[in-house]
Every structure is written in structure tokens, then in C-alpha cells.
Amino acid sequence: QVQLVESGGGLVQAGGSLRLSCAGVGIDLSLNRMGWYRQAPGKQRELVAQITTDGATIYAESVKGRFTISRDNAKNTVHLQMNSLKPEDTAVYYCNRFPYNRWPNWGQGTQVTVSS
């Protein structure tokens, strides 16, 4: 069964940092362009960062210069390093393929809460 398992979220003060991880089960993440997405309450899910199979990265303007997406192919994992966090970064964070095409199913996500 294919699963994406996100972890690493938590409660942090504004200006703080968190490192999110996404582990692939039953799917080789190194063969896929991957993205980190987030969904805040009452808002649509949005893409915040993507990484190609050869390691090129693209970021949403709202996180550029603060977030870094990376891969660890040996561990079949994708990470999101988040620095200088702001209250508006509060959301549930998910990883998945990009562009998303209904496979694999979304994981449970990991909650990030930034207090002011």
C-alpha cells in the first residue's frame, strides 16, 4: 500500500524553526517531482515548495528565502526546513507528488502552529 507519512510539525514562536519530513512507503520518491503543500483553516490547499528529480527547487513567494526543500534519496524522504516562521505559516502541511493527479492519496499531514 502506498503511503506518504509526514512528521515534524509542532508549536513554535514567531521567528522559530521547524524541520518537516515526508517518508514514502511503497513509492520511490526519488523518481517523482515532489511538493510540500499546506492548508490553513478555511483556505484551499496551496503548494509552497517543489523539488524535481534532479534536485532543482521552486518556492512560493510567501516562503522564498525562509523555507528549503530537500531530498534524502537513501532514506526515501523529502524534507522542508522552515526558518523565520510567521503566524501566517500556521497550517497543516502535506507532501505529495507535483503536479498532484489523485495519486497517491494525501497523508494525514503534520500541524504547524506559529504563535505571535
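The values are calculated or read from the model by the stated rules, or taken from the named source; none is laboratory data. Since we're looking at a predicted model, the values are computed, not measured. Here the Cβ is made from the backbone with ideal geometry for all residues, glycine too, and neighbour counts use every protein chain on show. Keep in mind that these areas ignore ligands, DNA and RNA; they rest on the heavy atoms of the full protein, side chains included. Shrake-Rupley method; radii C 1.70, N 1.55, O 1.52, S 1.80 Å.
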Return the total of residues in the stretch 69-98 being within 17 Å of Leu29 (Cβ to Cβ) and without any contact (Cβ under 8 Å) to a residue 60 or more places away in the chain.
10
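A quick yes/no check of all residues on (1) touching a Lys or Arg at 6+ places or on another chain (Cβ under 6 Å); (2) closer than 16 Å to Thr110 by Cα; (3) not in a strand (DSSP E or B):
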{"site": "Leu20", "(1), (2), (3)": "no, yes, no"}
{"site": "Gly35", "(1), (2), (3)": "no, yes, no"}
{"site": "Ala49", "(1), (2), (3)": "no, yes, no"}
{"site": "Ile58", "(1), (2), (3)": "no, no, no"}
{"site": "Ser62", "(1), (2), (3)": "no, no, yes"}
Of the conditions (1) open to solvent by 30 Å² or more (accessible area, probe 1.4 Å); (2) touching a residue at least 40 places away in the same chain (Cβ under 8 Å), Gly35 clears all except one; give me its number.
(1)
Filter pass, Leu80 being within 17 Å of Ser115 (Cα to Cα), within 15 Å of the chain's Cα centre (by Cα) and of a type outside the set (Asp, Glu)
no
Condition check: modelled with pLDDT of 95 or more, within 17 Å of Gly8 (Cα to Cα), in contact with a strand residue (DSSP E or B) (Cβ under 8 Å, 6 or more places away or on another chain) and among the aliphatic types (A, V, I, L, M). Does Leu47 satisfy that?
no
Which residues, counting only those in the stretch 100-113, are in contact (Cβ under 8 Å) with a residue 24 or more places away in the chain, surrounded by fewer than 14 Cβ atoms within 10 Å (Cβ to Cβ) and outside any strand (DSSP E or B)?
Trp103, Asn105, Gln108
Taking into account only those residues within the stretch 51-97 that are of a type in the set (Lys, Arg) and surrounded by 13 or more Cβ atoms within 10 Å (Cβ to Cβ), which is nearest to Ala40 (Cα to Cα)?
Lys86
Looking at this structure, is Ala14 hydrophobic (A, V, I, L, M, F, W, C) and either within 15 Å of the chain's Cα centre (by Cα) or open to solvent by less than 20 Å² (accessible area, probe 1.4 Å) (or both)?
no
Selection within the stretch 37-47 - in contact with a helix residue (DSSP H, G or I) (Cβ under 9 Å, 6 or more places away or on another chain) and assigned to a strand (DSSP E or B):
Arg38
